[in-house]
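For reference, the structure discussed in these notes is given below.
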Amino acid sequence: MLPVYIDRADGAVLVDVDGNSYIDLGSGIAVTSIGHNVESVVDAVNDQMRHFAHTCFMVGPYEGYVAVCEKLNELTPGGHAKTSILLNSGAEAVENAIKVARHATGRQAVVVFDHAYHGRTNLTMALTAKNMPYKDGFGPFAPEVYRAPMSYPFRDPEGMSGEESAGRAIEVIEKQVGAANVACVLIEPIQGEGGFVVPAAGFLPAVASWCRDSEVLFVADEVQTGFCRTGDWFACENEGVVPDLVTTAKGIAGGLPLAGVTGRSELMGNVHTGGLGGTYSGNPVACAAALAVIRTMWDLDLGGEARRIGAVIEARLHGLQKQHPVIGDVRGRGAMQAIEFVKPGTTVADPATASAVAAACHAAGVVILTCGTWSNVIRLLPPLTIDDALLNEGLDVLAESVAAAVA
Ligand code: PLZ
């Protein structure tokens, strides 16, 4: 957390109440992907407020909700018939995806992965891997949640392929749960809070294909990876994986709370009327923001921009890794990049260096975030509209902060 209070923000810059400015390389955890204070979004929100702020979609439906669902159906991977529902938060989207999966399959078990993060509500705490700070003292947790090993190339045996790591996970599922008991496998295509873990190529397709063969639903949690962040609309597209259900939130509405579940129509339609919903779900102001955000992402080709940003960051981070053996791994995709700090030459986590680097960046006016099971990862999630000059200025500060932390 920054030791300041924010007064205003514009583009990729935050300004605190004392007038200091900060380069934002965190986007409020991958939320303000189109940047802060974007005119098209501000106008759409103001215009919707002048019409109405709330009716409850289940009481008085409105066009904006349907339009966002149509966009989700169109943009998420796969050409099959899809149906969407809107919710308020990522955790709520994940909970609803599991409700749909259980209802459609008549099975109860949910398989998640080591290092996973899916939220802080009761069911999603059970799905999240890390005890402190997310779960400690908050049990009992929801039952029928099982954890399989994730593909984590930096920490897996040298040379382990994606298919081999998928086999390792599938064996755990088959031996410890039994495929016939599993409603769904839930996975972040690139893990977020868990440390920006990018699974080895072939891992996701192999897990998805096992799911198909076993009549288990494959659910992609694209809450952090979605909406152009990794260079595609959704991270699953990178390997042509088509999930049965997709959860979205964060970047979808430029800062307003909105989330979605999009899935095969036959699965979504299986749920009885009134089984899914909520008072504020798909709030009209948030929907208006989302439609403006999605239009802006198209118009500005923010997927392409994420790839441009990714190339700049990757080059800089690899350069930094050559100078500092405390950087064990550089990984990510598009505008979702991270460095993992370790004791040089080992995989022993070094959280002290990560937090020293984060504190130095904050003191020098750059917002960066830490993450990872061992809190030893620094992640970069800049707005996809940041220009090269400002990005490089932020990366200069990161480089100086790493140099200072290891000196
Ligand atoms: N799924 C993949 O990344 C939210 C939460 C940070 P909510 N990640 C940031 C924190 O400490 O609470 C997230 C995510 C993935 C689900 C969620 C949950 O989304 O909107 O925070 O509920």
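Remarks
- Estimated FRET transfer efficiency when R0 is 51 angstrom, pair VAL59-LYS343 (beta carbons, to 0.05): 0.30
- The VAL42 and GLU400 beta-carbon pair, evaluated with R₀ = 41 Å, returns a calculated FRET efficiency of approximately 0.75.
- Projecting the Cα atoms of ALA404, TYR62, VAL293 onto the charge dipole of the chain, computed from C-beta unit charges around the Cα centre, puts TYR62 farthest toward the positive end.
- Here region 327-347 is scanned for amide nitrogen atoms under 18 Å from the site 7 Å beyond the Cα of ALA359 along Cα-to-Cβ, giving 341-342.
- Using a Förster distance of 22 Å, the FRET efficiency for ASN392-ASP16 (Cβ separation, nearest 0.05): 0.45
- Each DSSP beta bridge with both residues in region 218-320 is either parallel or antiparallel, and the antiparallel ones are about 50%.
- Beta bridges per DSSP, both residues in the chain: antiparallel share near 65 percent.
- Computed on the Cα atoms alone, the convex hull of region 206-338 gives a volume of 146 cubic angstrom per residue.
- Mean-position separation - Cα centroids, region 380-394 and region 333-365, in angstrom: 18 Å
- Burial ordering of GLU188, GLU239, fewest other beta-carbon atoms within 10 Å first: GLU239, GLU188
- ALA81-THR279 pseudo-label distance in nm [points 7 Å out on the Cα-to-Cβ vector]: 3.5 nm
- Between ASN181 and HIS272, the modelled labels are 2.7 nm apart [label points 7 Å from Cα along Cα→Cβ].
- A Cβ-based charge dipole, computed about the Cα centre of the chain with Lys and Arg at +1 and Asp and Glu at -1, lands at about 780 debye.
- Sequence ranges 300-306, 115-121, 128-134, ranked by mean other-Cβ count within 10 angstrom, highest first: 115-121, 300-306, 128-134
- Packing-based exposure ordering (other Cβ within 10 Å, fewest first) of PHE196, PHE113: PHE113, PHE196
- The distance linking region 160-231 with region 52-128 is 18 Å (Cα centroid to Cα centroid, whole angstrom).
- Here the gap between LEU2 and GLU158, fully extended at 0.36 nm per residue and compared with their Cα-Cα distance, gives a gain of 52.4 nm.
- Normalised size of the chain, defined as Cα radius of gyration per 2.2 N^0.38 Å with N residues, equals 0.96.
- Of the residues ALA315, PHE196, SER165, the one whose Cα sits farthest towards the positive end of the charge dipole of the chain is SER165 (charges of +1 on Lys and Arg Cβ, -1 on Asp and Glu Cβ, taken about the Cα centre).
- For region 186-206, the residues whose backbone nitrogen is under 17 Å from a point 7 Å from the Cα of PHE141, taken along Cα to Cβ, are 186-188, 192-195.
Quick note: the coordinates plus some simple rules give every number you see, no bench work behind them. Note that the structure is predicted; figures quoted are calculated from it, not measured. For neighbour counting, all protein chains shown are included, and Cβ atoms are generated from backbone atoms with ideal geometry for every residue, glycine included.
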